[in-house]
Amino acid sequence: MKRTIWSTVAILALFLVWYIAADRMTPITGNARVKAVATQIVPQVTGTVTEVLVKNGEVVSAGDVLVRIDRTPYEIDRARAEADLESATQDVGASSAEVSAAQAKVARAQVDLDTLRLQSERIFSLEKKGLVPIANADDARGKLAESEANLENANADLEKAKQRLGEEGKENAKIQRALAALAEADLNLEWTELKAPADGLISNLLIAPGTYARAGSDLVTFLDATDVWIEAYMTENNMGLAQVGSPVEVVLNMHPGHVLTGKVESFSGAVSVSGADSPGELASAPSTAGFLREAERFPVRIVLPGHEAGSLDDDLRFQLNGQADVILYTTDSKLMNFIGRMYIRAVAFLSYAY
């Protein structure tokens, strides 16, 4: 009996020593989520939705038109602005047709440049992380420079058209006011088409033709597929030995039995204690119940080389906020790392059942 008791105590003591060591050398957490940037597509103009060109769950490319808003009132505004410009230029004996056409080109070039800048910033961000080839970023820089040149040329053409009105016409207050109204009308017409800001996925689509879109109100939920990561919520004592670049193994609940290799990309320097988790606010880890005082958890961002972006051609599917199990290898201890690898593979096998 005594031998059994002492054997049990020894086993428990050994387990406790392993648990304490593993908590720092091979920390494990089941409190991890698949993350991507969820963007609300917000219209700049108000009106009735006439076309919804995407379906829920559809994969779209950057620049694809998602939704069209009724153009009729904005076409009327543009016609009125053209008429006002024609009237103003007639007062000074000049023609407005060339100015009107040049103004439309400027509006189109400006919208194209704004869209391309947004897309390029995403690529440059991924380039800094080493997640896209340099050639892709150079190509984006070339397209951005070309778009900027197009805007400069359009502005130059507009300036030439204004100069042809003559000094009196160019400086005429009525013409300046009419030109500003025409520029606004052109932009509003461009904004009646809502476009995808990057390659991604449409989620939770709840609109149909006839929906009334309000400027500044969310209309379509867009998931950016160009930047996917795992966010593991680790306790403070888990992170004592962790470093950026530390190797990681991940099991996604959506892919049981499959162990993925990754690395730590970054650590969050602060968390919220109020449950907030939105842009401009501190990160917040999902709450978990525990027997003792719950340790504060900090998000650790993990990337999976080869799976940084969502793709239909990939053998993995990513679901935003899908659950995952994560283990970090913070030292070169062969024994602790071996035990950790065996453990995460057991978790991968058991994930078939839970």
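Read the figures in this text as sums done on the coordinates, not as results from a lab. Computed from a predicted model, the values in this text were never measured in an experiment. With ideal geometry, Cβ positions are generated from the backbone for all residues, glycine too; neighbour counts draw on all protein chains shown.
Provide Rg over Rh for the stretch 24-161; use the alpha carbon set for both Rg and the Kirkwood Rh (inverse mean inverse pair distance).
Answer for the stretch 24-161: 1.14.
Can you give me the convex hull volume of the Cα atoms of the stretch 137-249, divided per residue and expressed in Å³? Please list the in-between numbers first.
Numbers: hull volume 28.2 nm³, N = 113.
Considering the Cα atoms of the stretch 137-249, their hull volume per residue is 250 Å³.
Too long at a 31 Å Cα-Cα cut-off: which of K105/K174; K195/K263; K128/K195; K55/K128? Don't skip to the end; give the middle numbers.
Values: K105/K174 21 Å; K195/K263 34 Å; K128/K195 26 Å; K55/K128 33 Å.
Table pairs above 31 Å Cα-Cα are K195/K263; K55/K128.
Ordered by packing density, taken as the mean number of other Cβ atoms within 10 Å over each peptide's residues, highest first, how do 12-24, 107-119 rank? Intermediate results must be reported in sequence, preceding the final value.
Working: 12-24: 12.3, 107-119: 17.5.
Answer by packing, highest mean first, reads 107-119, 12-24.
Need one number: the % of Cα-Cα pairs in the stretch 25-77 sitting beyond the 14 Å mark.
Percent of Cα pairs beyond 14 Å in the stretch 25-77: 71.
Peptides 189-197, 254-262, 326-334: what's the order by average Cβ count within 10 Å, highest mean first?
189-197, 326-334, 254-262
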